[in-house]
């Protein structure tokens, strides 16, 4: 039963991944990604990593996806561009992508050659039990992985600051009399002009995948 | 072995004198620009004083040797360690034995005379003090050469005299051709120096020492060392050829006449060119042990004597005649060395220094009196205008031509006698030497005749020839006396008088003589000796007479001969076409090679490579620059490709 | 679940290659960031598969989950910063196309 569920969830994850890379609308891509995350969380659960499944749902599906959706909706990116296909991605991108797909096919065949039915690399007695109980993970986190743990906190701190700085909107001069400058070219600009687009008068988006090959 | 450190004074005083004169020259340059007293006037005092001190110490040293027992006739100086090179240190120390004493006396005495003479000759020249600085430096270097105990010191002196020769030949470099003459002398000397160096390396390799006494001892102990010793001897002889102007390296000497006449007298007659002979006599066992090399030495000497004498016949420049004459007489000295007569070579060296120095100084007096005229065809009848110079030159020419009783007769005849005594192929050398003697007499009296006799071939009122001041004529007189009397040093055995010079030099020449004696003694019977003496005298008198009388009315005979045999005349005049052959065969290809290298290789290859590297870098950079096009997608592509490559590298390594 | 761990790896490989494909091909920056997240998830899955391979009942290997946790953490940070950059870029260019950001050409 669990095995069947696993294959179903895998198929779902792959299908959602296809949706991510193939959708014309960025909103649909992001939502497909969400679906992929949920399927993966299910797979983690089935494999015995309960805590990680929870973490996946909480952080990935609950926070990161929300962030993505916020941005998509804030910038109103769902407008589909005109139908002109802009030709030419970066040179060879298509080819490299094909190469990657090919190599993954090779890996797969290599894996398959070991034997479809072989279960030699997993202890069957593990099936069903939770492998990552919190106590053990915590013990590891505070002993062997102490340094990455602390570094991660620093990383998060830095990220928070960076995000605030990057996304801040310019709101005119700080002092009376000072000239407000374009942050990229340092050319002075008139007070009050703001680049944040309002509603409908803005933006012709062009977003065309040159070709869509569903893997 | 007595240790006597005042020996160092012989070298150090001229060195110091040179430095002081140099300072005086610098001061006089400044004084000339700003006006005021000429400090250069003091230079001759300093210079002559320095040489005088050297002479005094040499005389004292000579006296000490004279008083010492014949088997221990050596004075040494203390040793100064110059380079401390582990197992092969290089020391400097002085070695005063009979040979060195003779050389020192010749150098310092004739040097002093020429210094005094130069006071008159170089008067008024802007480089007055500089001249004396160079002259003193030269004497110091030559003394280092003859006094040094090891090969390194000798080479230091060897190079030093070469340097001073270059400086002094090109003394009037503003004129242009003296500078080129100086370069020519230096370059040809360099060729000899290369041979000298390699030869001395071989000697050091054979005898494991730089000390010439050790080399002499080693060579006389086992003279059958074979090929290496012969090669070393040959190479050293090559070095001597360069320094002593033998065939084929003699063409620099006639060009060296571009220097002031005192320089020609001192360097190119009396001292520097005798360095080669000194080298061979000093290392005589090395040469005696290689009979093949001695044969080559003798042959080259004979050939050079002939070339020099025949070329001197056709020269119009008074100094040119004397230059080729020097080449010829040096050939005689090497002929003597080749016949194993080391003492005779030194004897001729001494007498030649006297009479050739005399002739050069006299010629300088003539040139000075004729206001820088050097062409003999424009002289004539000068005996009325310059009586003292005339007398001196006549004595000099008589000695040179070997008129009986004078010094040149005895020394030249001894050489020919020794050559004749060796027999075999040496008869040919003897014949060549005899022919050269005849030519020598002819051209020396041709010189006297053209210069001093006949009608004046110039405008007397315009030129106003005058006798030289006493400061110039007194050295002439002194040398004239020596030219007459120096023969007593080496009277022939038939007169039952001991050969003074050979006896004196016996401790030095004995090793070589012993080795040669082992190959077989050569003796001349008394009859043969008398015949040779008479033959020499007769030929000298006959050809002197012919030479004198042919030219009493000017150089007409030369022109007639040139018309009858133009090619022979040109051949002889051009030193057997050696100079032009060198220019064509050696100088021109080298110049062409240099031109090719400078234009083709330097501009196209080297500059091309350097500039090409820069251009290539710029072009490559231009291409690579286009990769940073700001396009995020290409960056993403390259990042992915790079990480995939790294991954593959990691997996499959 | 008695699925052999190789199958987990197979799924991870497929997901990863799809992520790379999307990363290289798509021009919309949001979709590119989403593909990056996809790749990170595939890596997470392979970590877990590896951990599962090396676990026995007595000795459960927990390096996989711990690593995966850190990956999630870093992915979150990266997504935040990336999206902040997208916002800033949008303010300037009124577009989120990858080709519209060619200011730094050499």
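Using only alpha-carbon positions, what ratio does the radius of gyration of region B:476-617 give when scaled by 2.2 N^0.38 Å?
So region B:476-617 has a normalised radius of gyration of 2.04.
Looking at the protein assembly as shown, send over the antiparallel percent of its DSSP beta bridges, to the nearest 5.
Among the beta bridges of the protein assembly as shown, antiparallel pairing accounts for roughly 85 percent.
Return one number: the angle in degrees, 0 to 90 and rounded to the nearest 10, between the long axis of the Cα atoms of helix B:177-207 and the longest principal axis of the Cα atoms of chain B.
So the helix axis and the longest Cα principal axis differ by about 80 degrees.
Over the residues of the protein assembly as shown, compute the C-alpha Rg and express it relative to 2.2 N^0.38 Å.
1.74
Please report the relative contact order for region B:145-279, taking Cα pairs under 8 Å with a sequence separation of at least 6, and give it as a percent rounded to a whole number.
Relative contact order of region B:145-279: 30 percent.
Pull out a ≥ b ≥ c, the square roots of the eigenvalues of the alpha-carbon gyration tensor of region B:573-619, then state rounded if a/c is under 1.5, prolate if not and a/b is larger than b/c, and oblate in the remaining case.
Verdict is prolate for region B:573-619.
May I ask for the Kirkwood hydrodynamic radius of chain C, worked out over all distinct Cα pairs and given in angstroms to one decimal?
This gives a value of 15.7 Å.
Given C-alpha coordinates of region B:147-192, what is the ratio Rg to Rh with the Kirkwood estimate of Rh?
On the Cα set of region B:147-192, Rg over Rh gives 1.11.
Using 0.36 nm times the number of residues separating residue B:435 and residue B:591, minus their current alpha carbon distance, what extension gain do you get?
52.3 nm
Can you give me the three principal axis dimensions of region B:263-330 from its C-alpha atoms, in Å, biggest first?
That works out to 43, 24, 8 Å along the principal axes.
Using only Cα atoms, what is the ratio of the radius of gyration of region B:199-305 to 2.2 N^0.38 Å?
Scaled against compact globular proteins, the figure is 1.17.
For region A:4-80, what ratio Rg/Rh do Cα atoms give with a Kirkwood hydrodynamic radius?
On the Cα set of region A:4-80, Rg over Rh gives 1.04.
What nm distance separates the two modelled labels at residue B:491 and residue B:525, each placed 7 Å from Cα along Cα→Cβ?
For the pair residue B:491/residue B:525, the computed spacing is 2.5 nm.
Could you line up B:33, B:73 from fewest to most neighbouring Cβ atoms inside 10 Å?
With the fewest neighbours first, B:33, B:73 line up as B:33, B:73.
Report, to the nearest 10°, how far helix B:500-519 tilts away from the longest principal axis of the Cα atoms in chain B, using its own Cα long axis and a range of 0 to 90°.
70
Which shape class, rounded, prolate or oblate, goes with region B:40-189 when its Cα gyration tensor gives a ≥ b ≥ c as root eigenvalues, a/c under 1.5 marks rounded, and past that a/b bigger than b/c marks prolate?
oblate
Per Stokes-Einstein, at 25 °C and 0.890 mPa s, what whole-number D in µm² s⁻¹ belongs to region B:1-115, with the Kirkwood radius over Cα pairs as the hydrodynamic radius?
152
Using the basic label-point model (7 angstrom from Cα toward the beta carbon), what is the residue B:641 to residue B:173 distance in nanometres?
6.4
Looking at region B:140-252, what % of the alpha carbon pairs are farther apart than 21 Å?
Distances greater than 21 Å cover 42 percent of the Cα pairs.
Antiparallel DSSP bridges in chain B: what percent, to the nearest 5?
80
Simple spin-label model, 7 Å along Cα-to-Cβ: residue C:2 to residue A:146 in nm?
4.4
Relative contact order of chain B, please, whole-number percent, based on alpha carbon pairs below 8 angstrom and at least 6 residues apart.
RCO, chain B: 12 percent.
Using just the Cα positions, wrap chain B in a convex hull and report its mean projected area in square nanometres, one decimal place.
Taking a quarter of the hull surface, the average projection is 43.1 nm².
Please order C:83, C:62, B:535, A:57 by the number of other Cβ within 10 Å, starting at the fewest.
Neighbour counts put them in this order, fewest first: B:535, A:57, C:62, C:83.
Do you know the relative contact order of region B:291-400, to the nearest whole percent, from alpha carbon pairs under 8 angstrom that are 6+ apart?
Computed value for region B:291-400: 27 percent relative contact order.
Rounding to the nearest 10 and keeping the result within 0 to 90°, find how far the Cα-based axis of helix B:291-313 lies from the longest principal axis of chain B.
Orientation of helix B:291-313: about 70 degrees from the principal axis.
Using only the alpha carbons of region B:341-434, what is the convex hull's orientation-averaged projected area in square nanometres?
Projected area, direction-averaged: 7.2 nm².
Region B:468-540: Rg/Rh from Cα coordinates, Kirkwood Rh?
1.14
Other chains' Cβ within 10 Å of A:161-167 residues: what's the mean?
5
Just so you know, all these numbers are worked out from the coordinates, no wet-lab data involved. These numbers were taken from a predicted model, which means no experiment stands behind them. Don't worry about glycine lacking a Cβ; one is built from the backbone with ideal geometry, like all the others, and counts go over all protein chains shown.
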